[in-house]
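The values are calculated or read from the model by the stated rules, or taken from the named source; none is laboratory data. On a predicted model such as this, the values are computed, not experimentally measured, just so you know. Here the Cβ positions follow ideal geometry from the backbone for every residue, glycine too, while neighbour counts run over all protein chains shown. All accessible areas refer to the heavy atoms of the entire protein, side chains included, with ligands and DNA or RNA removed. Shrake-Rupley method; radii C 1.70, N 1.55, O 1.52, S 1.80 Å.
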Amino acid sequence: MKIPINPVNSRLSSACQQAEASCCKAGMLFLPEDEYKAIFSWLTDNSPSELDEFESRCVKHDRFYLYDQKDCCQFLTETNLCRLHLEGVKPSECFWWPVHIYGTEPENLEFRVATTCCKACEYIDTNSSLLDDITKRVHELGTDVFCRFRRVFLGNPSEKRFLSKL
């Protein structure tokens, strides 16, 4: 599944490069089943030697996976670029960065923006078109999936600035 590239992404990408992709070097990544399958398929066709590493980092939950970035996402190049980006299989959560979704009940889901890894948070406000793209994808997947994700992996909402309700 190809994720649409939002005009905001070029400014976010620049901020990410200045911070040396620090967000890609720690934490857990939300992978909906369709995105997990797309990456798995891409690896099967293009880099089968990485399949074991990918699978060892993923833990399956109900309708999603958690991918452990460990010290560095396995798809990050030496120059801190995502190898999956140009292949059309980069995870949604990576495209949404620095925006994250928090909440464990559908009526309480909210957008928060990371404020600790780089300056990208300066480019996101409540009027950002990126929020429209995220909202559309959240509804495609189902708000219940995000609620289950946040019940499994709370993340750190205190390091994120509240933007708005979903």
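Close amide H pairs (under 5 Å, H built 1.01 Å from N) link His85 with no residue at least 5 positions away or on another chain. Each peptide in 85-94, 131-140 receives the mean, over its residues, of other Cβ atoms within 10 Å, and ordering these scores from highest gives 85-94, 131-140. Placing pseudo-labels 7 Å out from each Cα toward the beta carbon at Asn156 and Glu33 gives an inter-label distance of 3.2 nm. Extension gain for Asp125-Glu50 works out to 23.3 nm (0.36 nm per residue, less the C-alpha to C-alpha distance). For Leu163, the residues whose amide H sits under 5 Å from its own are Phe111, Arg112, Val113, ignoring neighbours fewer than 5 places away on the same chain, with H placed 1.01 Å from N.
Element breakdown for the range 55-133 at a 1.4 angstrom probe: carbon and sulfur atoms account for 46% of the accessible area. Express in whole angstrom the spacing between the alpha-carbon centres of the range 47-112 and the range 123-166. Going from one Cα centre to the other spans 14 Å. Spin-label pair Asp71-Glu107: with each label point 7 Å from Cα along the Cα-Cβ axis, the two points sit 4.7 nm from one another.
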